[in-house]
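The values are calculated or read from the model by the stated rules, or taken from the named source; none is laboratory data. Every value quoted in this text rests on a predicted model; they were computed, and no experiment measured them. Reconstructed Cβ throughout: ideal geometry from the backbone, glycine too, with neighbour counts over all protein chains shown.
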Amino acid sequence: MSTKKNSKRKCVSYTVGIIVVIALALINLFPIYWMISGSFKTNAAARKIPPQWFPLTPTLENYTELFKANSAVRWTFNSFVIAIVTMILVCFVSSMAGYAFAKKNFPFKNIIFWILMSGMMVPYQIMLIPLFKLMSVWHMVNTYAGVVLPAIAFPFGLFLIRQFIQTIPNELLEAARIDGCSEIRTFANIVIPVSMPGIAALAIFSFVNSWNDYLWQLVIIKSNEMKTLPLGVASLQASRIPNISSLMAGASVASIPMIIIFILFQKYFTKGITMGAVKG
Amino acid sequence: MDKSIVANMKRNVWAYTFILPSVILFGVFYLFPFFDSFKLSFYDYKLINADFIGLKNYTDLLKNEEFIKSIVNTFLFVVCVVPSTIIFSIIVSSIIIDKSEFTRSFVRGAFYIPAVVSFVALSIVWGWIFNPVSGLGQYIMQILGIEYVDILGNRGSAIIALSFVVFTTAIGQPIVVYTAALGGIPESLYEAAGIDGASGIQRFLKITVPLLRPTTLFLAMICTINTFQTFVVVQLLTAGGPNGGTSTILFQLYRTAFEYNNFGLASTIGIILFMIILVISLVQYKVLSTDVEY
């Protein structure tokens, strides 16, 4: 009798709990809805109070204006180039080192590994000035190389890949060695394919990171032509009396690719986040 | 014998070759800048000339009211964001843990999406919501019968508003990590507690929370480090205003370097930020770390 009552009460509180959580989840998404729906409103409609909850007279004007009047096409191109190049290099460099740290024994291995990992504790922002100085000396201010190079050193990426490669059975690598595979072939034909899920997680992380980076790009990019989407959109806000709905169009263009990537690859995000969180 | 030494050396050479790119990149883009930052903090450095001035940057900063204010603001952000993020995430995760896979991934996704969306885009939409004339925030406050305030125009409300924006981007990761960690707690523990007559809340406080302590430590440290680096929302929503009321350490660093061109002083700000983060992380580690096994 009492257990029955208890379980009924439990059931009610469980249902209430999950409903509240789902409601909060939707509220958390609301700003993104507001941004995207705002991008389809006319500027007058966007300024209306009480607000229009849906764009009643949807228009694509903000997008055509954004891409015509500004360098938004170039910004989008820059964002993609920078994010893709960073992603490829991060994955390449991290999986090479991750493999060595996971599967090889060599003098000073642990010391070197932990020195590299200490980078995770140091926010790169405090190195902003020396990095900028370095890039000035190398004449890389306002270049793709200047944006990308410092981002390739990504201790978290190395950590993630090492965690993943550690789970590959040694027998597999042993077998390759017995078959007379060279080191490079073992790496390219066995380690890389087997660790693809881990590399994919890292690829997505570094792509999103690079796409959303702001501070370093703000410092190193000087011309309008070299701006990435976040920088370009931020400059729209600063430049003139901002037209709200076209600002929202800019913000949407900067966000929607990441939302799509997230929805397509949610599995990898979850994997990357949890793998990075579990101590090795 | 000789042969094995040669083979061993060859193996080491290969291993070093594999780590070489990472080591070089790390040296050039972490180690060198890190030590350079320390060095620059003792210089009057304005990109053209550099004069050694010892600790003058440090003493100047300690006397600089604007900078002290930015430290206070940064701590306020941390206090507003970190505990709320941790508590919120742990509750949400323990509510969704026994739900269907679909519900779990929907909730996780909905809370995580703001973290993958460009912070600039989010700041811009929040800027509109907080707009005193055409913002949704004003409208909602009106409906709720709250007196008109310019949300970003007052220090108190601005700090709360910015913290809230940071919070919405901060909860995604902990929710994912907590749900994963909760999955690792054996069901038998809860069953045993259930037999002993423990209520849901008791079980949450007596089993879930203590067992998640290592995870909480990790997440609290990450969240603290991230919040200490609050920059984008401040730059785009308030530009540090009103009257320096929302300026953060990193915002001061950026301004000092790239608006006032005082790179030496800015490096000093960076070093102080690093020291604060280091000390706070160590304190958190001491307070929260225990060896939990289950």
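Reported count of residues in the range A:83-112, each being within 9 Å of another protein chain (Cβ to nearest Cβ), part of a helix (DSSP H, G or I) and free of Cβ contacts under 8 Å to residues at least 24 places away in the same chain, is 4. Looking at B:ALA7, is it free of Cβ contacts under 8 Å to residues at least 24 places away in the same chain and either in contact with a helix residue (DSSP H, G or I) (Cβ under 7 Å, 6 or more places away or on another chain) or not aliphatic (A, V, I, L, M) (or both)? No: the conditions fail for B:ALA7.
I'm checking my understanding of the structure. Among residues of the range A:110-127 that are touching a Gly at 6+ places or on another chain (Cβ under 8 Å) and more than 18 Å from A:TRP211 (Cα to Cα), which one is modelled with the lowest pLDDT? Checking each candidate, the answer is A:ILE126. Of the residues A:SER210, A:SER223, the single one that is buried (at least 19 other Cβ atoms within 10 Å of the Cβ), of a type outside the set (A, V, I, L, M) and modelled with pLDDT of 90 or more is A:SER210. Restricted to helices (runs of 4 or more DSSP H) entirely inside the range A:144-236, those with at least 3 residues that are of a type in the set (A, V, I, L, M, F, W, C) are A:144-152, A:155-166, A:170-178, A:196-212, A:215-220. Look at B:TYR254 and say whether it is within 21 Å of the chain's Cα centre (by Cα) and either under 24 Å from B:VAL120 (Cα atoms) or more than 10 Å from chain A (Cβ to nearest Cβ) (or both). So B:TYR254 passes the test. Residue pairs, Cβ under 6 Å, 6 or more apart or interchain, first in the range B:11-24 and without any contact (Cβ under 8 Å) to a residue 12 or more places away in the chain, second surrounded by fewer than 15 Cβ atoms within 10 Å (Cβ to Cβ) and among the polar types (S, T, N, Q). List them. Taking only residues 6 or more apart or on different chains, not a single pair turns up. Could you check the range A:41-58 and list, in sequence order, the residues that are in contact (Cβ under 8 Å) with a residue 40 or more places away in the chain and outside any helix (DSSP H, G or I)? Correct list: A:LYS41, A:THR42, A:ARG47.
So which residues in the range B:197-213 are surrounded by fewer than 17 Cβ atoms within 10 Å (Cβ to Cβ) and either touching a strand residue (DSSP E or B) at 6+ places or on another chain (Cβ under 6 Å) or modelled with pLDDT of 80 or more (or both), if there are any at all? Answer for the range B:197-213, where residues must be surrounded by fewer than 17 Cβ atoms within 10 Å (Cβ to Cβ) and either touching a strand residue (DSSP E or B) at 6+ places or on another chain (Cβ under 6 Å) or modelled with pLDDT of 80 or more (or both): B:ILE201, B:GLN202, B:PHE204, B:LEU205, B:LYS206, B:VAL209, B:PRO210, B:ARG213.
Scanning the range A:250-273 for residues that are within 28 Å of A:GLU65 (Cβ to Cβ) and facing chain B (nearest Cβ under 7 Å) turns up A:ALA251, A:ALA254, A:SER255, A:MET258, A:ILE259, A:PHE262. Pick out the one residue from B:ALA121, B:ALA115, B:ALA110 that is at pLDDT 90 or above and surrounded by fewer than 21 Cβ atoms within 10 Å (Cβ to Cβ). Answer to the check: B:ALA110. The residue list B:ILE19, B:ILE53 contains one member that is over 27 Å from B:PRO210 (Cβ atoms), crowded, with 23+ Cβ neighbours inside 10 Å and aliphatic (A, V, I, L, M), which is B:ILE19. One residue stands out among those in the range A:21-62 that are more than 23 Å from B:GLY109 (Cβ to Cβ) and in contact with a Pro (Cβ under 8 Å, 6 or more places away or on another chain): the one that is farthest from the other protein chains (Cβ to nearest Cβ), which is A:PHE40. Residues of the range B:58-77 include at least one that is closer than 30 Å to A:VAL20 by Cβ and modelled with pLDDT of 90 or more. Do we have any residue at all in the range B:94-107 that's surrounded by 16 or more Cβ atoms within 10 Å (Cβ to Cβ) and within 28 Å of A:TYR124 (Cα to Cα)? No. Just so you know, in the range B:128-158 the residues that are surrounded by fewer than 21 Cβ atoms within 10 Å (Cβ to Cβ) and under 25 Å from B:THR224 (Cβ atoms) include one that is nearest to the other protein chains (Cβ to nearest Cβ), and it is B:SER157. So for the range A:186-207 (the condition being within 9 Å of another protein chain (Cβ to nearest Cβ), closer than 30 Å to A:SER136 by Cβ and of a type in the set (A, V, I, L, M, F, W, C)), does at least one residue qualify? No: zero hits. Residues in the range A:133-143 that are assigned to a helix (DSSP H, G or I) and exposed (fewer than 12 other Cβ atoms within 10 Å of the Cβ): A:VAL137 alone. Taken as a whole, the range B:169-181 holds no residue that is part of a helix (DSSP H, G or I) and more than 21 Å from the chain's Cα centre (by Cα).
Residues checked against (1) at pLDDT below 85; (2) farther than 14 Å from B:SER94 by Cβ; (3) within 12 Å of another protein chain (Cβ to nearest Cβ):
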site	(1), (2), (3)
B:PRO174	no, no, yes
B:LEU182	no, no, yes
B:LEU189	yes, no, no
B:PHE218	no, yes, yes
B:PHE231	no, yes, yes
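Of all the residues in the range A:114-141, those that are facing chain B (nearest Cβ under 9 Å) and free of Cβ contacts under 8 Å to residues at least 40 places away in the same chain number 13. Would you be able to say whether some residue in the range A:124-134 is under 17 Å from B:SER22 (Cα atoms) and among the basic types (Lys, Arg)? Taking every residue of the range A:124-134 in turn, none turns out to be under 17 Å from B:SER22 (Cα atoms) and among the basic types (Lys, Arg).
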